[in-house]
1. To the nearest Å, what is the center-to-center distance of the stretch 40-118 and the stretch 151-167, using C-alpha atoms only?
2. Could you give the angle, 0 to 90 degrees to the nearest 10, between helix 33-43's Cα long axis and the longest principal axis of the Cα atoms of the chain?
3. Pop out the ³J(HN,Hα) list for the stretch 171-185 in order, Karplus 6.51 cos²θ - 1.76 cosθ + 1.60 with θ = phi - 60°, rounded to Hz; leave Gly and Pro as x.
4. If each of THR138 and ASP97 carries a label point 7 Å out from its Cα toward its Cβ, how far apart are those two points in nm?
5. Provide GLU25, GLU44, GLU62 ordered by accessible surface of protein heavy atoms (probe 1.4 Å), highest first.
6. Which one of VAL26, VAL36, VAL118 has the biggest mean-square fluctuation once the chain is modelled by GNM with Cα springs under 10 Å?
7. For the stretch 23-124, compute Rh as the Kirkwood radius over C-alpha pairs and then the Stokes-Einstein diffusion coefficient at 10 °C and 1.306 mPa s; write the answer in µm²/s, rounded to an integer.
8. How large is the Kirkwood hydrodynamic radius of the chain, counting all unique pairs of alpha carbons, in Å?
Amino acid sequence: MAYTLPPLPYPYDALEPYIDTKTMEVHHDKHHQAYVDNANAGLEGTALADAPVEEVLTRLAELPDGVRAKVKNNAGGHYNHTLFWETMAPGGGGEPDGALASAIASAFGSFEDFKGKVKAAGIGQFGSGWAWLVHDGTGLAVVSTPNQDAPISDSKTPLLGVDVWEHAYYLQYQNRRPDYLDAWWNTVSWAKVAERFSAC
Ligand SMILES: [Fe+2]
């Protein structure tokens, strides 16, 4: 069954002033839609055409050589962006609490140290990609991925991901990726991140 673009879970202007309305419109309606369309085109006629996107991204090796890269990039783009929209919420920000807060403090020293690691991962990702908080099976880690590579393809469960493709911030922040990364924390739904954490 072909994938469809999930509606943005809040209005396009809901993340102002941290992410501007125009960026959200283009990012969701154009970029994410293109990943959906191209993932469907790449998967058509393959053995994974009816598989959920999470399954596709862990079974890329089974795809024919001619479409594997296209599916990796576009199914990855669909999966990563769906997760990204849900990681953010109007009225987000602040700090996690409970078991997630304890796990972050234990893994990274402090919440501030954790944020610094994510920022460094986002800045350090040359070109396009993502910075992530993942659970790698043994504990929490901060990693980055290039392009639309998804942590689940590497057996890591993403808990939080920030898009550092220029399309995510250039209209508002131009070349100032660090400023975007600083502002982005004000959009994070820690309730959603905690929900993912408790599931793994
Ligand atoms: Fe994006």
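1. What the calculation gives is 4 Å, centre to centre.
2. 40
3. 4, 9, 10, 6, 7, 8, 4, x, 5, 4, 5, 5, 5, 4, 4
4. 3.3
5. Descending order: GLU44, GLU62, GLU25.
6. VAL26
7. Estimated diffusion coefficient is 99 µm²/s.
8. Taking every pair of different Cα atoms in the chain, averaging 1/r and inverting gives 17.2 Å.
The values are calculated or read from the model by the stated rules, or taken from the named source; none is laboratory data. Only a predicted model underlies this, so the values are computations on that prediction, with no experimental measurement involved. A quick note on method: Cβ atoms are made from the backbone with ideal geometry, for glycine too, and the neighbour counts reach across all protein chains shown. Accessible surface areas use protein heavy atoms only, side chains included; no ligands, DNA or RNA. Shrake-Rupley method; radii C 1.70, N 1.55, O 1.52, S 1.80 Å.
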